[in-house]
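Below: one structure, written as structure tokens.
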Amino acid sequence: MTVKRPRAYSSAVRDAAADETRARILAAARDVLAGGPEQPAFSLDGVARVAGVTRLTVYNRFASKRGLLEALFDDMARVGGLFDLPQVIGQADPEAALRDFVGVFCRFWATHRSAMPRFHAVIRLDDDLAASLAERTERRRHALGALVRRLFPRREKADADLVDVLFALTSFEFYAMLCLRGRGAKAIEALVQRLVAEAVDDYR
């Protein structure tokens, strides 16, 4: 008499295998985007070769190159702490929310500091990838605009100059420039926090 395994167990095994495959594909996508003489161009085929799976496997999970990139960005955001932003922005005290917002992005840039320049260089060569990155970057500007409106509720709209300054101060480009003198992550975050506070105070 044959004893069948419980269906729930089989499903759990399949789910675990699918998660492992997805993680392997995302790791390969990070490696490909990071570039290097032995890395292929960023495509479903290229990522599949590095991950050791078929192109169809990558397609079935992500549907397109942009879908794969979006999933990779989401994974980087999770690892770098950006998934904490809804709770940060939702704090009752807008000044505390802005401080924590700055801290989250400083730690995110610190986590991915070595990979970001190569990622940006590769992404700018592809219009679809560049558009995806630009959309995500603009989310930071929109969030800062909402925080500025909460800081100055009596004003009819958030001042574009202040939002642009805060947007620049919390960018990776600015963070990378502060790394040049050998500053550590904590020192950079403290400096950015001070500059943000001064910008807000000047606006009052």
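Miscellaneous remarks
- Among the residues of the range 113-138, the ones that are touching a helix residue (DSSP H, G or I) at 6+ places or on another chain (Cβ under 6 Å) and outside any helix (DSSP H, G or I) come to 2 in all.
- Failed item in (1) more than 18 Å from Val104 (Cα to Cα); (2) touching a Cys at 6+ places or on another chain (Cβ under 8 Å), with Leu162 passing the rest: (2)
- Restricting Asp31, Asp84 to those that are of a type in the set (Asp, Glu), at pLDDT 90 or above and surrounded by 12 or more Cβ atoms within 10 Å (Cβ to Cβ) reduces the list to Asp84.
- Condition met for Arg149 (surrounded by 13 or more Cβ atoms within 10 Å (Cβ to Cβ), out of contact with any helix residue (DSSP H, G or I) (no Cβ under 8 Å at 6 or more places or on another chain) and at pLDDT 80 or above): yes
- Residue in the range 109-132 that is within 16 Å of Ala34 (Cα to Cα), polar (S, T, N, Q) and out of contact with any strand residue (DSSP E or B) (no Cβ under 9 Å at 6 or more places or on another chain) present: yes
- Single unsatisfied condition, Asp161 versus (1) surrounded by 11 or more Cβ atoms within 10 Å (Cβ to Cβ); (2) in a helix (DSSP H, G or I); (3) in contact with a helix residue (DSSP H, G or I) (Cβ under 9 Å, 6 or more places away or on another chain): (1)
- Selection count where residues are within 23 Å of Glu135 (Cβ to Cβ) and in contact (Cβ under 8 Å) with a residue 12 or more places away in the chain, scope the range 47-81: 20
- Residue satisfying condition, being within 30 Å of Ser114 (Cβ to Cβ), modelled with pLDDT of 95 or more and surrounded by fewer than 17 Cβ atoms within 10 Å (Cβ to Cβ), within set Ala143, Ala168: Ala168
- Of the residues Ala92, Ala77, Ala96, Ala115, the single one that is in the same structural domain as Val192 (by TED's automatic domain parsing) and touching a Lys or Arg at 6+ places or on another chain (Cβ under 8 Å) is Ala115.
- Exactly one residue out of Glu198, Glu189, Glu173, Glu138 is surrounded by 15 or more Cβ atoms within 10 Å (Cβ to Cβ) and either at pLDDT 95 or above or under 18 Å from the mean Cα position of the chain (by Cα) (or both): that is Glu189.
- For the range 34-47, filtering for residues that are within 15 Å of Ile123 (Cβ to Cβ), modelled with pLDDT of 85 or more and part of a loop (DSSP other than H, G, I, E, B) leaves 1.
The values are calculated or read from the model by the stated rules, or taken from the named source; none is laboratory data. All values reported here derive from a predicted model rather than from experimental measurement. Don't worry about glycine lacking a Cβ; one is built from the backbone with ideal geometry, like all the others, and counts go over all protein chains shown.
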